[in-house]
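Here is the structure we will look at, set down as structure tokens.
The values are calculated or read from the model by the stated rules, or taken from the named source; none is laboratory data. Everything quoted here is computed from the prediction, not taken from an experiment. Methodologically, a virtual Cβ is constructed for each residue, glycine included, from the backbone with ideal geometry; neighbour enumeration extends over all protein chains shown. Calculation scope for accessible area: heavy atoms of the full protein, side chains included, ligands and nucleic acids excluded. Shrake-Rupley method; radii C 1.70, N 1.55, O 1.52, S 1.80 Å.
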2 protein chains.
Amino acid sequence: MTLIYKAPLRDMRFVMDEWLDAAAWWREVPDWQDLDSPTAQQVLEEAARFVEERIAPLNASADLEGCHFEAGTVTTPAGFRESYAEFVAAGWPTLSLDPEHGGQGLPQLLDVALQEMLAGANHAWLMSPGLTHGATACLQTYGSERVKRELLPKVASGEWLSTMCLTEPQAGSDVGLIRSRATEAPGTDGYFIDGSKIFISGGAHDLTENIVHLVLARLPDAPPGTKGLSLFVVPEWLDGSDAGRSRNGVYCEGIEKKMGLKGSPTCTMRFERAFGWLVGEPHRGLTCLFVMMNAARLQVAMQGLGHAQSAWQRAHAYAQERRQMRALSVPPGATVAPGQTSPIAFHPAMRRILMELRAVAEGERAIGYWTAHWLDIAARHADAAERENAAQLASLLTPIVKAFFTANGFAAASNALQVFGGYGYIHEYGIEQTLRDSRVSMLYEGTNEIQAIDLLVRKVLPDGARALDLLLRHMRAEAGLCRESDPLVRCAGVKLDELAQTVERTTQALKARQAQDPETAYRVADDYLAMLGWMLLAFAWARTLRIATPQRDTDAFYAEKQETGRFFFDYPLAAFAYRRSLVEAGCEAALPFV
Amino acid sequence: MTLIYKAPLRDMRFVMDEWLDAAAWWREVPDWQDLDSPTAQQVLEEAARFVEERIAPLNASADLEGCHFEAGTVTTPAGFRESYAEFVAAGWPTLSLDPEHGGQGLPQLLDVALQEMLAGANHAWLMSPGLTHGATACLQTYGSERVKRELLPKVASGEWLSTMCLTEPQAGSDVGLIRSRATEAPGTDGYFIDGSKIFISGGAHDLTENIVHLVLARLPDAPPGTKGLSLFVVPEWLDGSDAGRSRNGVYCEGIEKKMGLKGSPTCTMRFERAFGWLVGEPHRGLTCLFVMMNAARLQVAMQGLGHAQSAWQRAHAYAQERRQMRALSVPPGATVAPGQTSPIAFHPAMRRILMELRAVAEGERAIGYWTAHWLDIAARHADAAERENAAQLASLLTPIVKAFFTANGFAAASNALQVFGGYGYIHEYGIEQTLRDSRVSMLYEGTNEIQAIDLLVRKVLPDGARALDLLLRHMRAEAGLCRESDPLVRCAGVKLDELAQTVERTTQALKARQAQDPETAYRVADDYLAMLGWMLLAFAWARTLRIATPQRDTDAFYAEKQETGRFFFDYPLAAFAYRRSLVEAGCEAALPFV
């Protein structure tokens, strides 16, 4: 039994139309006046068709086939080259790109939904176009006129793919240790780059005729550490106006043998007198990359959501088919003849796993899209103060969704695998690949531990940081609305209010403790992030309950939403108190060295 | 950097000599009067040498090479055949076998320690001899005289390997659905077996010249369900006294492509007029297998422990080597020069993971060996009532350690992988293999959900079940001893007492609730099992603290034990309250159907 991914269009529509009411806000943006829900849904339906028909079927075969490296050249799995060409031809890379750069100018929200689909269908495939938006934004903002003229259009359209070259063997989480060097290329407007980079996704491949590398390196006068890093754009092929294309000094030296993501080549790259142009100011390379890294982190969060969705779909389908033993009870309307076995979906241990898979995936969809929605507001709102608030919220939410969604995506894969029993361990059922592929998202684009430190130490604790207040205000506003509704919704509102209060109090206590013991924040950051993650899911489900409950008798979709929301508050939310108890432990007890 | 497994001999000695004081009890058994701690340690040192030098180095290569299937024949990875022959020649399979059957008659405790080493060093390799003890016990107890004469000696010595053939495509957790048939073979003392079996570990291989299959099948007059299953022993080769060896009707039809455990062939088997002998009485096949399955479940628990130990070793070694960023604090005595980076082992997020890996692995070692110790008492105590109590305790502990240790082993692998950052995802660092290999133990020998139901529904809730009382009595006795010690130990004792009380109260409430709603136990079983698991680790660490604290100034080993024990009560034990809150949720809230 192999389940092919189905995009959750009905739930996407629910989140956009009802949970976010995105169209109401689109009407306030001049460019989006004509964008209504049916148009947006049509875009998503087309995306779903492409992803389901062209991308999802390549997932298992690409895992088996992997990428091949020979003499500096990388071959991607069968079907990747053709389907990527179709993806570009259909204009998917430019969905949210500004029309003045040749894009369709749609909200990032739609792009994020597309990313969720691609991740759920075929994570390895998504890796190739994964950096297109980030590289486009980076070159748009910081590229020279020449770079914008010669490179940007092909990067933006997806005709050329991009990479982000940061990591070196000695420099992973600590990019300040980067050693690659850049020296002026005499008589030109550029530089020569020399150095070695590892873990470069798509460093070499056969999908596009050129690859544009964004490389961190040090200029000769660079100060040590992160303040001496400059960003360079280094195309694999240079376009000499007279002499035609010439090969730049960029070499792939090998690809990694990885746990998963086998369809995506992870390359070791050598830059040897590689010609490139400076992007942004000297020594300000990290600033230039921020725009790219934030987009990448939200996309990685969508990978977590995509895997959670895929895990839920696979486990749900299997649990309906597979019959073992007789369950004590059956759903209303179902019958199991005497002496017959039940679908395992009827057994309580399986229902518990399945409901949790569903509650997490659907709750995360609301929160992930909410984050993208704030990015749209930050980019497009008419009012500067609104833009600033939205940007702060998005910046606070980004590390949370990156770490929380990816950890949940991996946990979902493992829990779903358990539903399959022994079959879960076998390649042909697909779920073991989900588990292997999903694990990487907890590591790259900043490990989840780095995200937690970014959240707590840089965005919550500093004096004057107000993003958390903004966030809690949204929680309380929703709680207030819920309290005016029927008893089930009211309970959710009361609970959400309590959670917001707990987060506020815990944060205050943490600040006080941090003043005495500066290691406190580093001890508790992971649990603090998870606490906020669970609060956000409670927010997602409180609002969902408020919307769904009055409609529960009109459509099974809302009745199921109501049941799932109730389940969320009964069971999975217990993790909030657990994480809080660990934050408190970390405020009290020092950690030994090992 | 590839870390080769090192057996934790110092900690094994601590558990056996101080935590269990096993030698004191050995002196009470006539056969073990001469067995003292130095002798036992010598056995473990020899085992460690063999495992470290011959088995561990084959782990990564076997994963890459895998097993090969061609025309019904399975080839195991390079080195397996030779090392297995050495294993047999050195007498390791017969370590705890009765001397009257040619064994060395040592306690099962030592065997369990050997299993832990093999699992930590090379789980796939361990799969081959994994069923030798169970098959031996089964044939000893239930085999006919002929079977005991012709098959048992070679099974017991490991000269022939064994399999357990239960699962069929439609019959996994629900063995009652087994369809394989057995009919009398006219003019012989045996039967013909026909049917298909899947997921048979070592169903075919090149390690031994014969393979002895234990097969569940139905006799013609069998009632439906589990009460109609009979057990047969079916050798791959039959020893015709006149005509020499002849091939039996047992065929391997293929091997599975799995997530991990690639060095162990998982076979699809076809039995076609395969000749075999009945083992035990007709229709009582499951009873005959129980002795085998219990041994197998404890061994699977040891796999969880082995992986936890291996994960801890790997992460610890890597965290000492890898330097990134500057930590806020350094261990006493260590210095980091200004401007230098620290080993990542100094960073709080890593210390938290590393300490938890250590606390879980070492705590589990005490509890796992304690379980084996009860099995020894159940087998050898002079007093029948003591034997009965010990058997009940071991029977209660077996599903707990199987499910709890294997879930923790997988979690440990994933947490340890996180310490490696991006390198964790790469094959050559070894930890991703630990993650893949460890996952299977949550599935086989009864999924962890089946273990939880076995524990709660069969061993705790029934009227008159007294095993839990016995267990809690041990917790309270330890708590009492701790309360007579210094403040840190006293706190641990108080906490352990509270945990025992909570378990008792939760169990009572659950019984009451179960009387009204028979689905309750099935909803909460997994969390209930985990609650007991965390209580047992608290027991392990309370006793460890009691032993280590007075000696902390004499030896760094005890000082580290004390720090780890304190950490356990500060941090990981928070999971107990979390699981308890989920048990309570399950007592209150019904689960929807999905």
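Tallying residues that are surrounded by fewer than 21 Cβ atoms within 10 Å (Cβ to Cβ) and polar (S, T, N, Q) within the range A:230-270 yields 3. How about the range B:547-577: which of its residues are more than 10 Å from chain A (Cβ to nearest Cβ), open to solvent by 30 Å² or more (accessible area, probe 1.4 Å) and of a type in the set (Lys, Arg)? Passing the criteria: only B:ARG552. Listed by first and then second residue, the pairs with beta-carbon distance under 7 Å, at least 6 apart or on different chains, first residue in the range A:111-134 and open to solvent by less than 10 Å² (accessible area, probe 1.4 Å), second of a type in the set (Lys, Arg), are A:ALA124/A:LYS262. Count of the range B:332-355 residues, restricted to those that are out of contact with any Leu (no Cβ under 9 Å at 6 or more places or on another chain) and assigned to a helix (DSSP H, G or I), is 5.
So, A:ALA416, is that one more than 10 Å from chain B (Cβ to nearest Cβ) and farther than 30 Å from B:GLU168 by Cα or not? Spell out the reasoning first.
On the way: more than 10 Å from chain B (Cβ to nearest Cβ): yes; farther than 30 Å from B:GLU168 by Cα: no.
Judged against the criteria, A:ALA416 is not a match.
Scanning the range A:462-502 for residues that are under 28 Å from the mean Cα position of the chain (by Cα), under 12 Å from A:LEU545 (Cβ atoms) and either acidic (Asp, Glu) or assigned to a loop (DSSP other than H, G, I, E, B) (or both) yields a total of 1. Residues of the range A:167-194 that are in contact (Cβ under 8 Å) with a residue 40 or more places away in the chain and touching a Lys or Arg at 6+ places or on another chain (Cβ under 6 Å): A:PHE192, A:ASP194. Condition check for A:ARG273 on (1) out of contact with any helix residue (DSSP H, G or I) (no Cβ under 7 Å at 6 or more places or on another chain); (2) open to solvent by less than 30 Å² (accessible area, probe 1.4 Å): one failure, at (2).
Might you let me know whether the range A:44-57 holds any residue that is more than 25 Å from the chain's Cα centre (by Cα) and either more than 17 Å from A:MET16 (Cβ to Cβ) or open to solvent by less than 30 Å² (accessible area, probe 1.4 Å) (or both)? If you could, list the steps in order and put the result at the bottom.
Our first condition is that a residue be more than 25 Å from the chain's Cα centre (by Cα); within the range A:44-57, this holds for none.
No.
Residues in the range A:339-385 that are within 14 Å of chain B (Cβ to nearest Cβ) and hydrophobic (A, V, I, L, M, F, W, C): A:ILE344, A:ALA345, A:PHE346, A:ALA349, A:MET350, A:ILE353, A:LEU354, A:MET355, A:LEU357, A:ALA359, A:VAL360, A:ALA361. Would you confirm whether any residue within the range A:255-265 is out of contact with any helix residue (DSSP H, G or I) (no Cβ under 8 Å at 6 or more places or on another chain) and touching a residue at least 60 places away in the same chain (Cβ under 8 Å)? Yes. If you go through the range B:26-42 and keep only what is closer than 16 Å to B:ASP111 by Cβ and touching a residue at least 24 places away in the same chain (Cβ under 8 Å), you end up with B:TRP26, B:VAL29, B:ASP31, B:TRP32, B:LEU35, B:ALA40, B:GLN41. Against the condition open to solvent by less than 20 Å² (accessible area, probe 1.4 Å), assigned to a loop (DSSP other than H, G, I, E, B), touching a residue at least 40 places away in the same chain (Cβ under 8 Å) and among the hydrophobic types (A, V, I, L, M, F, W, C), how does A:ALA7 come out, does it pass? Yes, satisfied.
Can you spot a residue in the range B:217-229 that is in a loop (DSSP other than H, G, I, E, B) and crowded, with 20+ Cβ neighbours inside 10 Å? I'd like the intermediate steps shown before the answer.
Going residue by residue through the range B:217-229, those that are in a loop (DSSP other than H, G, I, E, B) are B:219-224.
If we keep only those that are crowded, with 20+ Cβ neighbours inside 10 Å too, we end up with none.
No, every residue in the range B:217-229 fails to be in a loop (DSSP other than H, G, I, E, B) and crowded, with 20+ Cβ neighbours inside 10 Å.
Could you tell me which residue of the range A:580-590 is nearest to A:ASN408 (Cα to Cα), considering only residues that are crowded, with 22+ Cβ neighbours inside 10 Å and at the interface with chain B (Cβ under 9 Å from one of its Cβ atoms)? So, considering only residues that are crowded, with 22+ Cβ neighbours inside 10 Å and at the interface with chain B (Cβ under 9 Å from one of its Cβ atoms), the one nearest to A:ASN408 (Cα to Cα) is A:LEU582.
Screening B:THR335 against (1) closer than 28 Å to A:GLN514 by Cα; (2) buried (at least 19 other Cβ atoms within 10 Å of the Cβ) leaves a single unmet condition, (2).
Restricting attention to the range B:148-166, which residues are over 13 Å from B:LEU214 (Cβ atoms) and either touching a residue at least 60 places away in the same chain (Cβ under 8 Å) or of a type in the set (Ser, Thr, Tyr) (or both)?
The first filter runs over the range B:148-166 and keeps only residues over 13 Å from B:LEU214 (Cβ atoms), leaving B:148-150, B:153-154, B:156-159.
Listed by number, the residues that qualify are B:GLU150, B:ALA156, B:SER157, B:GLY158, B:GLU159.
For A:GLU272, the conditions (1) part of a strand (DSSP E or B); (2) closer than 17 Å to A:PHE410 by Cβ are fulfilled apart from (2). Residues that are in contact with an Asp or Glu (Cβ under 6 Å, 6 or more places away or on another chain) and closer than 20 Å to A:LEU354 by Cα within the range A:560-589 comprise just one, A:PRO572.
Annotation for the range B:430-442: no member residue is more than 21 Å from A:GLY409 (Cβ to Cβ), within 7 Å of chain A (Cβ to nearest Cβ) and among the charged types (D, E, K, R). Within the range A:290-304, the presence of a residue that is within 14 Å of chain B (Cβ to nearest Cβ), assigned to a loop (DSSP other than H, G, I, E, B) and of a type in the set (A, V, I, L, M) is excluded. Within the range A:153-172, track down each residue that is buried (at least 22 other Cβ atoms within 10 Å of the Cβ) and either outside any loop (DSSP other than H, G, I, E, B) or more than 14 Å from chain B (Cβ to nearest Cβ) (or both). A:VAL155, A:ALA156, A:GLY158, A:TRP160, A:LEU161, A:SER162, A:THR163, A:MET164, A:CYS165 - these are the residues of the range A:153-172 that are buried (at least 22 other Cβ atoms within 10 Å of the Cβ) and either outside any loop (DSSP other than H, G, I, E, B) or more than 14 Å from chain B (Cβ to nearest Cβ) (or both).
Could you say which residue among B:ALA40, B:ALA60 is touching a Pro at 6+ places or on another chain (Cβ under 9 Å) and modelled with pLDDT of 95 or more?
Result of the check over B:ALA40, B:ALA60: B:ALA40.
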